[in-house]
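Below is one structure, written out as structure tokens, with a few remarks after it.
Bear in mind that the values in this text are calculations on the coordinates, not laboratory data. All values derive from a computational prediction rather than experimental measurement. Here Cβ is always computed from backbone atoms with ideal geometry, including for glycine, and neighbour counts include all displayed protein chains.
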Amino acid sequence: MKNTSEILIIGAGIAGCASAYYLAKSGADVLVVAKDPIGTHASKYALGLLNPLTGSEIPGKNQELMEEAFIMHKELWPTLLDESGIDFQPSIIQHIELFMTQKEADTHSEEMSRWEKAEGFKSHGMNREEILNLEPRLSPEVHSGQFLQGIGIVDSGKLTLAFAEAAKSYGAKFLNMTAVALNSSGSKGYSLVTDKETLSFDKLVIASGPWSGMASTWLNYSVPITPLKGEIIYFDGTKNPHNIHLELRASDFHGACTVITKGDGYTWLAATENPSGLDETTTQAAREFLLSTGQIILPGLSEAKIVNQTACLRPIAPDLRPILGIAPEWDNIYLATGAGKKGILISPVIGKATSDLILQGSSMLPIKWANPNRFTDAVVS
């Protein structure tokens with residue numbers, strides 16, 4: 001059997017589903033194929049925090065992209081809720097960056113000053129007493145912190161499903177099958193061989209997250225993606241009435257962690273960062289690390305009931321920037337991968353930019369630094 005489509009997308013995570021949404025909404029004939037059901041991997045288990053003020057290359061080459069993505073999220077929320085019928089629980093929340101010593105506070109003082117000047121956000125320093133008044137469960141050993149109002153959070157899995165359902169409402173189709181090879185023959189010039197059938201296409205989007213490297217042999221271009229495992233622990237009985245996101249960054253004396261009670265009623269303790277190939281199994285080592293780090297700021301976690309532990313893989317590029325655009329030496333194959341730990345945040349940019357590039361040949365979105373050509377001799381500088 002052979003199917004044809006105008007645009008074929010490999011991958012049904014957040015990047016593939018967001019791309020399908022914007023393409024289908026623009027009238028394109030879209031088919032999404034993936035080995036597993038929609039939003040099975042990192043897109044399901046990601047924390048869903050939307051903070052454009054932190055991350056790699058911020059300030060730097062990722063900053064404008066992150067800021068634009070956050071604006072797009074807030075504008076998109078009511079529309080996508082209506083189009084999909086799925087409540088992905090979007091909300092604006094409070095955040096406290098925690099410091100255990102004066103040295104830690106001094107290390108991040110320049111960044112915290114930038115937060116205070118960021119347009120659209122409210123941020124100020126806090127002493128120990130102010131922090132404990134706001135969140136009394138915290139350890140009295142906390143030295144100080146930085147309050148931030150205005151970042152967002154979503155249910156990542158439901159957001160992925162929302163993009164997919166909305167895309168379906170505009171005619172996109174989703175099939176479960178495994179991509180095997182790219183064939184240079186077909187009614188449209190090229191076809192994708194899967195474990196079930198052969199699919200012809202005009203344009204192909206590779207949005208396979210940490211598995212995007214599989215396309216390297218097809219394209220004669222090394223898609224430089226490294227999987228980075230992240231594990232999360234979920235607790236019951238630790239509900240935070242203030243809906244405050246707490247973050248502790250790594251120092252010479254402790255690891256990093258982030259804590260928040262989400263719409264599912266569980267308190268999430270996240271997340272490890274370990275290169276592990278394509279291994280998605282949970283580990284005792286990650287559990288012990290998260291527990292020991294989390295208890296530094298929330299001693300009560302030692303008595304809380306653990307209800308689940310998950311692991312997922314984030315697609316990391318060597319320079320920690322997304323890989324977004326037409327594949328080098330090709331005129332009909334596009335890459336939408338490498339979003340790292342910011343995939344949920346930048347999903348609207350990934351989807352809209354991919355749609356723009358395919359349907360219009362260019363995009364007004366700030367994706368210059370995401371060009372795949374930077375990993376060839378034709379480096380964008």
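Only helices at least 18 Å long along their axis, Cα-based, and averaging 0.0 or more on Kyte-Doolittle count here, so list those DSSP H runs from the chain.
Working: long enough: 63-84 (30 Å, -0.34); 156-169 (20 Å, 0.26); 284-297 (21 Å, 0.44); 343-360 (24 Å, 1.10).
Counting only whole DSSP H runs, the qualifying helices are 156-169, 284-297, 343-360.
When every Cα-Cα distance of the stretch 86-127 is counted in 10 angstrom steps from zero, the calculated P(r) takes the values 22, 45, 21, 10, 1 percent. Length gained on full extension, residue 252 to residue 74, computed as 0.36 nm times the residue gap minus the Cα-Cα distance: 60.4 nm.
How would you classify the stretch 68-213 from its alpha-carbon gyration tensor, with a ≥ b ≥ c the square roots of the eigenvalues: rounded for a/c under 1.5, else prolate if a/b is greater than b/c, otherwise oblate? Prolate, because a/c is 1.5 or more and a/b exceeds b/c.
Between 108, 95, 156, the Cα set farthest toward the positive side of the dipole of the stretch 94-163 (charges on each charged residue's Cβ, about the Cα centre) is that of 156. Taking a quarter of the surface of the Cα convex hull of the stretch 110-187 gives a mean projected area of 11.8 nm². Straight-line cross-link partners of residue 262 among the lysines, defined as a Cα under 21 Å from its Cα and at least 8 positions apart when in the same chain: 44, 74, 158, 239, 305, 341, 342. Modelled spin-label separation between residue 175 and residue 281, with each label point placed 7 Å from Cα along the Cα-to-Cβ direction: 3.4 nm.
If Rh is defined by the Kirkwood formula over all Cα pairs and Rg also comes from Cα, what ratio Rg/Rh do you get for the stretch 53-112? Kindly include the intermediate steps, with their values, before the conclusion.
On the way: Rg = 16.2 Å, Rh = 14.4 Å.
Radius of gyration over Kirkwood radius for the stretch 53-112 works out to 1.13.
Computed over the alpha-carbon atoms, the stretch 270-381 gives an Rg to Rh ratio of 1.13, Rh here being the Kirkwood radius from the mean inverse distance.
Compare 207, 285, 69 in a GNM of the chain, Cα atoms joined below 10 Å, and give the one with the largest fluctuation. Comparing 207, 285, 69 in the GNM, the peak value goes to 285. What nm value, rounded to one decimal, do you get for the distance between residue 116 and residue 26 when each label is placed 7 Å out toward the C-beta? According to this spin-label approximation, the distance is 4.3 nm.
Each Lys and Arg adds +1 at its Cβ and each Asp and Glu adds -1 at its Cβ; summed about the Cα centre, the chain shows a dipole of about 640 debye.
Rounded to two decimal places and with Rh computed the Kirkwood way over Cα pairs, what is Rg over Rh for the stretch 1-76? Can you show the working numbers first?
Details: Rg = 15.3 Å, Rh = 14.5 Å.
Ratio value, two decimals: 1.06.
Rounded to the nearest 20 Debye, what is the dipole magnitude of the stretch 120-277 about its Cα centre when Lys and Arg each give +1 and Asp and Glu each give -1 at the C-beta?
Numbers: 13 positive and 15 negative charges, 112 e Å.
Around 540 debye, computed over the stretch 120-277.
On average, how much area does the Cα convex hull of the stretch 235-330 cover when viewed from any direction, in nm²? Let's see the in-between values first.
On the way: hull surface 35.3 nm².
Computing the convex hull of the Cα atoms and averaging its projections yields 8.8 nm².
Taking each DSSP H run with n ≥ 4 as -39500 (n - 2.57) and averaging over every residue of the chain yields -8500 deg cm²/dmol at 222 nm.
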